[in-house]
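The values are calculated or read from the model by the stated rules, or taken from the named source; none is laboratory data. Everything numeric here is computed off the predicted structure, so don't read it as measured data. FYI the Cβ positions are ideal-geometry reconstructions off the backbone, even for glycines, and counts take in every protein chain you see. Protein only, heavy atoms only, side chains kept; ligands, DNA and RNA dropped before computing areas. Shrake-Rupley method; radii C 1.70, N 1.55, O 1.52, S 1.80 Å.
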Amino acid sequence: MPSNKSVSDAPIFQFTNCRILRNHELQREDLWVREGKILNPEKLFFDEKGSADIQLDCKDSIIAPGFIDVQINGGFGVDFSLATDDFKSGIDLVSQKILSHGVTSFCPTLVTSPPSVYHQILPQISIRNGGAHGAGILGAHLEGPFISKEKKGAHPEHCLRTFEAGAFQDLLATYGTLDCVRIVTLAPEMKRSSEVIHELTKRDICVSLGHSVANLSQAEEAVQHGATFITHLFNAMLPFHHRDPGIVGLLTSDKIPAGRRVFYGMISDGIHTNPAALRIAHRAHPKGLVLVTDAIAGMGLAPGRHTLGQQVVEIDGLNTYIAGTKTLSGSVATMDACVRHFLEATGCSVETALEAASLHPAQLLGIEHKKGTLNYDSDADFLMLNDSLYVQATYIAGEQVWRQDTLGM
């Protein structure tokens, strides 16, 4: 056979004996990878007359796109809202540790903090590709401080702010920089929010609605100005009411601009959202559901007291509360556990559960041409999972970055 090096000298990997998630279904096909990208085997055979250099038997695993977590406040003792001297080593630790839970890209999330904290932390967050060092960083998610006092949840009230005076300039002064910012969560009922939403979306920053007492028409107006996401649906917003469904009503609103999709985050940890509520949301708007962990520093640690920005939180099993209260404060769930719980709670297909943690967050961020799918030419960020959706191995850019030692590959 002629050499397969006509186009590139890089080795070609062929993953065999697997079911790959492509076009919304698991298909019994091989996965071909070269130079960190998914390869089209037809082009390889017919145009390059090439073949695989290395074949890997996947032992009947499921191969799915890597998970993308767009709301994670920290984990493994690291709190992204704490301005420490070793902030960078903290973010490196989390990005390394979440590989075992199938996360290949994430948005480090900062909860409501004083301006000095944003000014210290944001210049230390850089957008970067994933690899053996850890999951890729897609940019920061700033949750607050422009949120409602009534629905502050675990956010410290003394740090909440408005942008009534200077609109976008107030936001800029608070954060100091928007260079690495990918998502901003704000309450759309705040005065001058439309101007702010417009300015953020103009800069390709995703605006999410949350920690809010907005009614449905205020939420719809925010979407008309460019908002595309809802932060942890049902949590920290007005409960659904049949005469004014509030932000929840966006899932079935007829006022969404043509060609636009509203996405919504769900914490599928069995604590934050009752399974019946998960099912209602999923059945109302399945294509918009994005699984998020909303994990805090205590994820991966023993029960006890930990920090969340300016607050002290207490972990009791899977429950995390502001210390001394019953106010929920983020989760200690991992993304793979959220996917399994979502599958069980909704009775959806395996494909649907996997796409809620991969394709949908990629679509939300407008990166689905390179992340969140196994389409040809997309980044070879993928997972091997068993039938119960436990992660067996994690790959970024075609390189194995984590594996369960028992896999024996």
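For the stretch 182-238, the gyration tensor built on C-alpha atoms gives an oblate shape. Its axis ratio a/c (a ≥ b ≥ c) is at least 1.5, and a/b is not larger than b/c. Taking the DSSP beta bridges with both ends in the stretch 47-197, the antiparallel portion is around 25 percent. Using C-alpha pairs under 8 Å with a sequence gap of at least 6, the mean separation divided by the residue count of the stretch 214-284 gives a relative contact order of 37 percent.
Between rounded, prolate and oblate, where does the stretch 50-120 land on the alpha carbon gyration tensor, with a ≥ b ≥ c its root eigenvalues, rounded for a/c under 1.5, else prolate if a/b exceeds b/c? Intermediate results must be reported in sequence, preceding the final value.
Numbers: a/c = 3.26, a/b = 2.89, b/c = 1.13.
Taking the square roots of the gyration eigenvalues as a ≥ b ≥ c, the stretch 50-120 is prolate.
Across the stretch 352-369, rounded Karplus estimates of 3J(HN,Hα) from the backbone phi angles (6.51 cos²θ - 1.76 cosθ + 1.60, θ = phi - 60°) give 4, 4, 5, 5, 5, 10, 9, 4, 5, x, 5, 5, 3, 8, x, 10, 5, 6 Hz, Gly and Pro being marked x. Relative contact order of the chain: 20 percent, from C-alpha pairs under 8 Å at least 6 residues apart in sequence. Charge dipole (Cα centre; +1 on Lys/Arg Cβ, -1 on Asp/Glu Cβ; no other charges) of the chain amounts to roughly 580 debye. Between Gln55, Met190, Thr307, the Cα set farthest toward the positive side of the dipole of the chain (charges on each charged residue's Cβ, about the Cα centre) is that of Met190.
The residues Lys255, Lys151, sorted by heavy-atom accessible surface at 1.4 Å with ligands and nucleic acids left out, run Lys255, Lys151 from largest to smallest.
For the chain, what does the accessible surface come to per residue with a 1.4 Å probe? Please give it in Å².
On the way: 16200 Å² over 409 residues.
Per residue, the chain has 40 Å² of solvent-accessible surface.
Just the C-alpha atoms of the stretch 267-409: what Rg/Rh do they give, with Rh taken as the Kirkwood radius? Don't skip to the answer; put the middle values down first.
On the way: Rg = 16.7 Å, Rh = 16.6 Å.
Rg/Rh for the stretch 267-409 comes to 1.00.
Between Lys191 and Leu172, the simple spin-label model (points 7 angstrom out along Cα→Cβ) gives 2.1 nm.
If you roll a 1.4 Å probe over the chain with all protein chains in place, what percent of the accessible area is carbon or sulfur?
Whole-percent figure for carbon plus sulfur exposure: 49.
When the chain is treated as a GNM with alpha-carbon contacts under 10 Å, the residue of Leu216, Leu93, Leu172 showing the greatest mean-square fluctuation is Leu172. Legend note: in the chain, cysteines whose Cβ sits 4.7 Å or more from every other cysteine Cβ are Cys107, Cys159, Cys180, Cys206, Cys338, Cys348.
May I ask what percent, to the nearest 5, of DSSP beta bridges between residues of the chain are antiparallel? Walk me through the numbers before you get to the answer.
Working: 36 of 71 bridges.
For the chain, the DSSP antiparallel bridge percentage is about 50.
As a test of the formula, what do you get for the chain when each DSSP H run with n ≥ 4 contributes -39,500 (n - 2.57) and the sum is divided by the residue count, at 222 nm and rounded to the nearest 500 deg cm²/dmol? Mind showing how you got there, number by number?
Details: 9 runs with 80 residues, N = 409.
Computed mean residue ellipticity for the chain: -5500 deg cm²/dmol.
Could you give the Stokes-Einstein D for the chain in µm² per second, using the C-alpha Kirkwood radius, 25 °C, 0.890 mPa s? Write out the running numbers ahead of the final one.
Details: Rh = 21.7 Å.
Translational D for this selection: 113 µm²/s.
Springs join every pair of Cα atoms under 10 Å in this Gaussian network model of the chain, and among Gln392, Gln120, Gln55 the largest mean-square fluctuation is at Gln55. If I take every Cα pair under 8 Å that is 6 or more residues apart in the stretch 353-409, average their sequence separation and divide by the length, what percent do I get for the relative contact order? Averaging sequence separation for qualifying contacts and normalising by length gives 19 percent for the stretch 353-409. With the simple model of a label 7 Å out from the Cα in the direction of the Cβ, Asn319 to Asn386 spans 3.1 nm. Build a GNM of the chain with springs between Cα atoms under 10 Å: which of Asp69, Asp60, Asp47 gets the top mean-square fluctuation? Among Asp69, Asp60, Asp47, the largest mean-square fluctuation in the Gaussian network model of the chain belongs to Asp47.
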